[in-house]
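These notes are about the structure you will find just below.
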Amino acid sequence: YTHEGGGGGRGKENQDTYFIAHPHADVAIYAVFDGHGKAYGRTASLAAAASMKALLSRHHRWLLAQPEEALRYAFREAHLAIQKAIMGSNPQLRMHEGSGSPYILQWMEEDGEYSWDAVDGGTTVTVVVALRGQDLFVATVGDSAVVMLGRTPSGSPVSELLIAEHTPTSVSEYTRMRNLNTGSQVKFIYDCPDYDEDINIFRDDDSGSAVLDEDTQRLADDQGVMFKNSRDDRFTYVVIPEERLDLEALPGVPGPAGDAQRTVVEEQTITMTRSLGDFYPHRHGLTYEPEMRVLPLTFLSKRNIKSPLLLLASDGVWDIFDFDEVCEHLVPQPDARQVPPLETRASKFFEATRARGAYFFDEVRGPSPCEMQMSVCCIVLPLPVRGSQLATSGVYASASADTF
């Protein structure tokens, strides 16, 4: 299910997308993408989805033999596919190589003056590959999470985030980026526009290890930093520093845009530490390398989980529901006498998500740039209760032509 968010229309653009592929009897692939960036978010998500679906379907034997290597390669190729798609969408863009990873520049106007600045736009990716009906390989970048849902024999909800989201509050991600050559230039801060100074998320303890700074967290709360979801995650971002460039002339391009010039690439902010696209932040430590997890389906019987499901979803879902609440919508009680079909439960949950997002962003906050980020996309995947084979029928993901 996918929708551009709220009531739809009003100039909104659905930057979420997904694909489901069954290229072989022993291979099933499920993926959700959440594009971001006003100009190129949709371009990024569609390019990444098309690239990854084609590559993994074409090389399904590689997936069977070496799933982790095949997935890492697919993420890299999807990252490059976004670069090609963005460059092909606008003839006025130029690629800057320099030292480090290349990024894309666009001719920008600010206060009546023109100069080159970095393009922004990329996508999250969450991929689940089921192999031989026995193992799940999960790979993610960004914050489109995949959560296992179910119930205990007594009926209590069970939920598990399979891979932690790559957000600015992740100590491991902060440490990874800080240890790079450019790490000292990158800031991890709370989103507090009304406070004159940066409020840092982390500090170093006595051993030199990064820890969450409780004092600055309290300061952020005092300054009104909002919670972005029901899990009490605060609005945060990574600040990528500005850079001064000496650009060579562009042959055949008339006017100032084609002249040799010195320009300043303005600082950028981003709300995640891994993504595809987002080429300027990748110069300073973002990565397209996915984090992975292997999940043998035998774990379901060992933990005695009833009615297990996987939900792959963009943050349009996870920002307005906690995991156990999702479970209440989708997973029936073990002793329930009448259980609606999964398709019915999934459709009702999707509409409840859309309606809650419409109320919170459209009615409570009013029209704002945040609306553009509340498009939703989810895949509901039932897992086997008995035996060792994954049933690939009964997977629900759909979209109407006017929203996808």
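The values are calculated or read from the model by the stated rules, or taken from the named source; none is laboratory data. For clarity, every value in this text was computed on a predicted model and none was experimentally measured. So basically every Cβ, Gly included, is an ideal-geometry build from the backbone, and we count neighbours across all protein chains shown. Quick note on the areas: whole protein, heavy atoms, side chains included, nothing else; ligands and nucleic acids left out. Shrake-Rupley method; radii C 1.70, N 1.55, O 1.52, S 1.80 Å.
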Note to self: Return the residues of segment 232-272 that are more than 18 Å from the chain's Cα centre (by Cα), acidic (Asp, Glu) and open to solvent by 40 Å² or more (accessible area, probe 1.4 Å); say none if nothing qualifies.
What the structure shows: 232, 242, 246, 248, 259, 266, 267
Margin query: Taking the criterion of being in a strand (DSSP E or B) and farther than 26 Å from residue 181 by Cα, would at least one residue in segment 256-272 satisfy it?
Written below: yes
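Restricting to segment 213-228, name every residue that is surrounded by 16 or more Cβ atoms within 10 Å (Cβ to Cβ) and assigned to a loop (DSSP other than H, G, I, E, B).
213, 225, 228, listed by residue number.
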Next item on the list: Using the structure shown, decide if residue 125 is among the aliphatic types (A, V, I, L, M), open to solvent by less than 50 Å² (accessible area, probe 1.4 Å) and closer than 29 Å to residue 267 by Cα.
Entry: yes
Next item on the list: For segment 324-356, name all the residues that are touching a residue at least 60 places away in the same chain (Cβ under 8 Å), within 20 Å of the chain's Cα centre (by Cα) and open to solvent by less than 30 Å² (accessible area, probe 1.4 Å).
Entry: 326, 350
Note to self: Quick check on segment 37-62: of everything there that is within 16 Å of the chain's Cα centre (by Cα) and open to solvent by 30 Å² or more (accessible area, probe 1.4 Å), which residue is modelled with the lowest pLDDT?
What the structure shows: 38
Next item on the list: Keeping to segment 137-166, report how many residues are among the hydroxyl-bearing types (Ser, Thr, Tyr) and either open to solvent by less than 10 Å² (accessible area, probe 1.4 Å) or under 18 Å from the mean Cα position of the chain (by Cα) (or both).
Entry: 2
Note to self: Please go through segment 127-137 and give me each residue that is closer than 16 Å to residue 314 by Cβ and out of contact with any Phe, Trp or Tyr (no Cβ under 8 Å at 6 or more places or on another chain), ordered by number.
What the structure shows: none
Item checked: Of all residues making up segment 178-212, the number that are open to solvent by 20 Å² or more (accessible area, probe 1.4 Å) and either farther than 14 Å from residue 236 by Cα or assigned to a loop (DSSP other than H, G, I, E, B) (or both) -> 22
Checklist line | The listed residue being part of a loop (DSSP other than H, G, I, E, B), farther than 24 Å from residue 297 by Cβ and open to solvent by 30 Å² or more (accessible area, probe 1.4 Å), out of 169, 175 | finding: 169
